[in-house]
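Student: Below is one structure. I have some questions about it.
The values are calculated or read from the model by the stated rules, or taken from the named source; none is laboratory data. Owing to the predicted nature of the structure, the values given are computational and were not obtained by experimental measurement. Don't worry about glycine lacking a Cβ; one is built from the backbone with ideal geometry, like all the others, and counts go over all protein chains shown. We work out accessible area using only protein heavy atoms, side chains counted, and drop any ligands, DNA or RNA first. Shrake-Rupley method; radii C 1.70, N 1.55, O 1.52, S 1.80 Å.
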Amino acid sequence: MKKVVIFYPHIGEYGGIERNIVALTNEICLHGYEAILLCFYDYIDFSKYVSNNNFTEVILGDSKNAFVKSRRLYKWLINNSEQIHGIPLFFGAKAGFFGALSGYKNYVLHYTDPPSLLSKNTNNHTYLVNLITSVRAFISNKVMAKGVLNAVSCVTMTVQNATELQSIYNREFAVIYQGGLPAGCETRNIDRCKNDSLFLFSICRLSTSKNLDWLLEAMAYLHQQPKLTVLYTTIQLVIAGKGPDLARLKDIVNKYGLKDCVHFCGFLTESGLEEMYNKTDVFLVPARQGYGLPVLEALYRQIPVLLNEASRVSELLYENPWVCITDNNSNSFKKNLYEYILTLRENMPLPNTFLESLPTEAKWAAALGQLCEWWIN
């Protein structure tokens with residue numbers, strides 16, 4: 001059986017990219033090929049997320065020496081070259097880095113978050129540490145540039161990403177919009193925001209880059225609006241997810257006196273997430289990010305979304321009445337939330353083509369497979 005190869009260097013936790021790779025492997029197996037996932041290490045036992053028997057994970061082995069890891073990658077690809085179908089997909093910027101070091105050139109590079117969206121270390125270090133860090137970053141960027149230029153094709157998730165990456169690397173990037181997983185259950189046709197209680201929901205990693213403090217400012221603001229306090233006996237916010245910012249966020253909750261109406265529920269199971277979606281009146285996304293799959297997954301379930309324009313999935317959604325897009329600041333976010341709730345209270349949008357035409361995991365995987373020459377359609 002011919003092998004279709006995906007290289008994703010480091011699997012440390014199950015998140016959006018890992019979900020994408022599961023979707024890709026499913027599509028590969030549906031086309032009758034063996035899906036091969038190459039990585040240096042896997043801390044989550046990735047195979048348990050894939051149900052198809054035609055999936056194989058190859059762990060090449062970790063090392064502190066990037067050249068050793070690159071040689072392992074090159075050796076495996078060359079030794080198996082006769083069985084590889086189409087062009088291997090290298091997923092993520094790090095994959096391109098190892099592609100450059102290995103000298104292997106027959107790959108498609110999927111570049112996720114461009115440099116402007118990567119968080120920078122703001123810790124105070126000595127001059128020597130800062131100098132060493134800068135030198136390492138300079139060398140890494142040079143290698144990464146070679147990895148981009150060596151690729152047969154490069155692809156990213158949005159036009160904004162492609163524009164930024166083309167300006168950095170001076171080569172064209174294709175755009176394939178990622179999709180989420182549509183609801184596995186029947187979508188409930190609910191008139192949101194029309195009961196006597198208001199339920200707001202957000203899900204992400206709890207880190208400062210996600211702007212979750214905007215949600216807490218918005219909650220304090222909503223509770224000060226007479227129009228809302230007359231309409232709703234309670235206004236509740238649930239934030240799902242784990243991360244290093246939890247303690248700080250809880251301090252802000254206490255500062256605003258919101259302990260009774262803001263709840264951090266941690267990790268949610270699939271059934272727990274669906275239950276939360278069923279209760280949600282408005283889904284909130286304040287983050288600045290390279291895409292934003294949870295936005296699509298809320299929309300599949302006919303849940304209105306308030307979205308920061310700096311979440312780059314927004315470029316798909318400006319004309320969509322199910323989405324209210326705010327400026328990239330907390331003041332715009334909270335004021336738009338207030339107005340959007342009142343609008344939805346009066347008139348819910350129709351599900352029509354605005355929701356039916358959204359990208360999905362299956363559409364994204366099929367298009368990416370065509371780019372990698374795994375199949376024609």
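Student: Does region 183-218 hold any residues that are assigned to a loop (DSSP other than H, G, I, E, B) and either in contact with a strand residue (DSSP E or B) (Cβ under 6 Å, 6 or more places away or on another chain) or open to solvent by 70 Å² or more (accessible area, probe 1.4 Å) (or both), and which are they?
Tutor: Gly184, Glu186, Arg188, Asn189, Asp191, Lys194, Asn195, Asp196, Arg205
Student: Now for a separate question. Mind listing just one residue for me: the one in region 308-346 that is closer than 23 Å to Ala362 by Cβ and among the aliphatic types (A, V, I, L, M) and, of those, most open to solvent (accessible area, probe 1.4 Å)?
Tutor: Looking at the filtered set, the residue picked out is Leu316.
Student: Where the second residue is assigned to a helix (DSSP H, G or I) and of a type in the set (Lys, Arg) and the first is within 21 Å of Glu275 (Cα to Cα) and lies in region 197-224, which pairs have Cβ atoms under 7 Å and are six or more apart or on separate chains?
Tutor: The qualifying pairs are Phe199/Lys279; Cys204/Lys210.
Student: Next question, about the same structure. Here are some residues: Leu350, Leu368. Which one is under 21 Å from the mean Cα position of the chain (by Cα) and either modelled with pLDDT under 95 or farther than 22 Å from Ser202 by Cα (or both)?
Tutor: Only one candidate passes the filter, namely Leu368.
Student: Looking only at region 6-26, count how many residues are in a helix (DSSP H, G or I) and of a type outside the set (A, V, I, L, M).
Tutor: So the answer is 6.
Student: Assuming Tyr221 fulfils every condition listed in (1) part of a loop (DSSP other than H, G, I, E, B); (2) surrounded by 17 or more Cβ atoms within 10 Å (Cβ to Cβ) apart from one, which condition is it?
Tutor: So the condition that Tyr221 fails would be (1).
Student: Has region 165-187 got any residue that is touching a Pro at 6+ places or on another chain (Cβ under 6 Å), within 19 Å of Pro294 (Cα to Cα) and touching a residue at least 24 places away in the same chain (Cβ under 8 Å)? Walk me through how you get there before you give the answer.
Tutor: Step one: of region 165-187, the residues touching a Pro at 6+ places or on another chain (Cβ under 6 Å) are 165, 177, 179.
Subsequent filtering for residues that are within 19 Å of Pro294 (Cα to Cα) retains 177, 179.
Adding the requirement that they be touching a residue at least 24 places away in the same chain (Cβ under 8 Å) leaves 177, 179.
Looking through region 165-187, at least one residue is touching a Pro at 6+ places or on another chain (Cβ under 6 Å), within 19 Å of Pro294 (Cα to Cα) and touching a residue at least 24 places away in the same chain (Cβ under 8 Å).
Student: Among all residue pairs at least 6 apart or on different chains, which show Cβ distances below 8 Å where the first residue, located in region 20-43, is over 18 Å from Ala95 (Cα atoms) and touching a residue at least 40 places away in the same chain (Cβ under 8 Å) and the second is among the charged types (D, E, K, R) and outside any helix (DSSP H, G or I)?
Tutor: Partner pairs satisfying both residue conditions: Ile28/Glu34; Tyr33/Lys2; Tyr33/Lys3.
Student: For Cys39, indicate whether it is surrounded by fewer than 20 Cβ atoms within 10 Å (Cβ to Cβ) and within 28 Å of Gly292 (Cβ to Cβ).
Tutor: no
Student: Report every pair of residues separated by at least 6 positions or lying on different chains whose Cβ atoms are under 6 Å apart, first residue within region 236-256 and modelled with pLDDT of 95 or more and open to solvent by less than 30 Å² (accessible area, probe 1.4 Å), second among the aromatic types (Phe, Trp, Tyr) and not in a helix (DSSP H, G or I).
Tutor: Val238/Phe201; Ile239/Phe264
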